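Here the structure is laid out as structure tokens; the discussion comes afterwards.
The values are calculated or read from the model by the stated rules, or taken from the named source; none is laboratory data. Keep in mind it's a predicted model, so treat the numbers as computed, not measured. Counting neighbours? That spans all protein chains shown, and the Cβs are built from the backbone with ideal geometry, glycine included.
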Amino acid sequence: MIRGFLTLGDVPVEKWPALLDRAAYLKKHRVQTTLAGKAVALVFEKASTRTRVSFEVGVFELGGHAVVLTSQGSQIARGEPIEDTARVLSGYCHAIVLRTFGQERVAQLAQHASVPVINGLSDQHHPCQVATDLFTVREKFGRIDGLRYAWIGDGNNMAASWIEAAGMFGLDLALACPEGFAPDPELVNAARELQRQHGRGSLTLTTDPKEAAAGANVISTDVWASMGQEDDAARRKVAFAGYCVDTALVKLGAPDAIVLHCLPAHRGEEITGEVLDGPRSLAWVQAENRLHVGKAILEHVMSAAQ
């Protein structure tokens with residue numbers, strides 16, 4: 001089995017500086033030939049804008065060819081097992097990107113594929129996005145360590161990947177989630193154990209957004225109801241009242257605080273339009289950076305599989 005990039009931890013900590021350096025190079029020199037003659041399957045079981053466009057354009061700019069499959073436009077919608085899809089696509093393509101529901105689908109695909117698999121998003125992890133967020137932070141501050149990070153909102157896949165990052169890199173991360181919406185305690189405990197081994201970093205859980213945002217250099221948020229949770233949106237809107245990233249909350253952060261949002265955004269819910277479209281927001285830079293980081297990830301997993 002060639003695993004690929006299912007979570008942030010699939011790239012060893014010591015290799016991340018070079019990967020982020022490569023993303024910075026690819027941002028300046030967009031057209032390359034590193035994937036010349038290579039095909040990448042982009043499989044979408046969930047709707048997508050940034051993941052689809054960034055990987056499709058990214059494969060093209062690296063000299064390769066992207067093949068896009070949606071559930072309804074393929075045999076997946078008729079119940080073809082994911083392991084059969086893995087075997088077939090491995091015979092055609094040199095890598096597979098999957099955007100799906102449960103993390104077990106990504107794991108099954110990777111187990112049965114003979115080419116690298118990249119997790120374009122699952123319900124449990126969003127490693128490509130948090131890798132991009134770390135790149136955006138480094139681009140702004142020149143480093144990712146020595147900063148304070150705040151997550152405001154649901155303990156969802158984004159929160160999980162931020163927690164994994166905090167453990168891997170020894171980051172100081174505070175998460176403010178309403179009662180009943182906290183992140184997976186096993187992920188939290190694993191990250192804290194890594195921080196203990198590193199001798200640096202902290203991981204704080206609170207239900208108070210002001211506590212999490214206080215002194216933060218990086219304030220991140222996401223929608224209150226992720227894809228597949230639309231039926232729960234009304235309940236979540238009540239539970240998350242007071243968790244909006246507004247001007248008052250941002251002012252509690254460090255003087256140089258930036259705001260990140262992985263998009264799409266619901267202005268007036270998890271973030272105000274004033275903040276999202278304001279000078280502290282790097283959401284649009286962050287969105288563009290999905291392209292450059294995605295290309296660096298593609299190069300990394302495909303070169304490692306050779």
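Just wondering, is there one or more residues in region 170-178 that are surrounded by fewer than 20 Cβ atoms within 10 Å (Cβ to Cβ), within 21 Å of I271 (Cβ to Cβ) and not charged (D, E, K, R)?
yes
Looking at region 146-157, can you tell me whether even one residue there is part of a helix (DSSP H, G or I) and basic (K, R)?
Among the residues of region 146-157, not one is part of a helix (DSSP H, G or I) and basic (K, R), which makes the answer no.
Please count how many residues of region 89-113 are of a type in the set (S, T, Y), assigned to a loop (DSSP other than H, G, I, E, B) and either in contact with a Leu (Cβ under 6 Å, 6 or more places away or on another chain) or surrounded by fewer than 22 Cβ atoms within 10 Å (Cβ to Cβ) (or both).
So the count comes out to 0.
Hey, among S71, S54, which residue is surrounded by fewer than 16 Cβ atoms within 10 Å (Cβ to Cβ) and touching a helix residue (DSSP H, G or I) at 6+ places or on another chain (Cβ under 7 Å)?
Sole residue among the options that is surrounded by fewer than 16 Cβ atoms within 10 Å (Cβ to Cβ) and touching a helix residue (DSSP H, G or I) at 6+ places or on another chain (Cβ under 7 Å): S71.
Which of the residues spanning region 54-83 are in a helix (DSSP H, G or I) and in contact (Cβ under 8 Å) with a residue 12 or more places away in the chain?
At the first step, the residues of region 54-83 found to be in a helix (DSSP H, G or I) are 54-61, 75-78, 82-83.
Once the filter is applied, which keeps residues that are in a helix (DSSP H, G or I) and in contact (Cβ under 8 Å) with a residue 12 or more places away in the chain, region 54-83 yields S54, F55, E56, V57, G58, V59, E61, I76, I82, E83.
List, please: which pairs have Cβ atoms under 8 Å, are six or more places apart or on different chains, and start with a residue in region 87-107 that is without any contact (Cβ under 8 Å) to a residue 40 or more places away in the chain and end with one that is buried (at least 22 other Cβ atoms within 10 Å of the Cβ)?
R87/A113; S90/I96; S90/A113; S90/V115; G102/S122
Where residues in region 160-174 are in contact with a strand residue (DSSP E or B) (Cβ under 6 Å, 6 or more places away or on another chain) and touching a residue at least 40 places away in the same chain (Cβ under 8 Å), which of them is nearest to L98 (Cα to Cα)? Give the derivation first.
Here is the first cut: in region 160-174, the ones in contact with a strand residue (DSSP E or B) (Cβ under 6 Å, 6 or more places away or on another chain) are 162, 166, 171-174.
Now restrict to residues that are touching a residue at least 40 places away in the same chain (Cβ under 8 Å): 162, 174.
Numbers: W162: 20, A174: 29 Å.
The selected residue is W162.
Looking at (1) in the same structural domain as S90 (by TED's automatic domain parsing); (2) under 17 Å from the mean Cα position of the chain (by Cα); (3) not polar (S, T, N, Q), which one does P116 not meet, given that it meets all the others?
The single condition P116 does not satisfy is (2).
Return the only residue of L276, L263, L249 being within 22 Å of F181 (Cβ to Cβ) and either charged (D, E, K, R) or surrounded by fewer than 19 Cβ atoms within 10 Å (Cβ to Cβ) (or both).
None of the others qualify; the one that does is L263.
Could you list all residues from region 114-143 that are surrounded by fewer than 21 Cβ atoms within 10 Å (Cβ to Cβ) and farther than 18 Å from V40 by Cα? Reasoning before the result, please.
So the first thing to find is which residues in region 114-143 are surrounded by fewer than 21 Cβ atoms within 10 Å (Cβ to Cβ), and the list is 114, 123-124, 138-143.
Scanning region 114-143 gives D123, Q124, R138, E139, K140, F141, G142, R143.
Can you tell me which of (1) more than 20 Å from the chain's Cα centre (by Cα); (2) under 26 Å from R280 (Cα atoms); (3) acidic (D, E) is the one D231 doesn't meet?
Failed condition: (2).
Within region 34-51, track down each residue that is surrounded by fewer than 16 Cβ atoms within 10 Å (Cβ to Cβ), of a type in the set (A, V, I, L, M, F, W, C) and within 21 Å of the chain's Cα centre (by Cα).
Across region 34-51, the qualifying residue is only A47.
Check W284 against each of (1) modelled with pLDDT of 95 or more; (2) surrounded by fewer than 21 Cβ atoms within 10 Å (Cβ to Cβ); (3) in contact with a Pro (Cβ under 7 Å, 6 or more places away or on another chain) and name the one condition it does not meet.
(3)
So which of A131, A47, A86, A41 is part of a loop (DSSP other than H, G, I, E, B) and hydrophobic (A, V, I, L, M, F, W, C)?
A47
Modelled with pLDDT under 95, on the phi < 0 side of the Ramachandran plot and assigned by TED's automatic domain parsing to the domain that holds R143: does that describe S220?
No.
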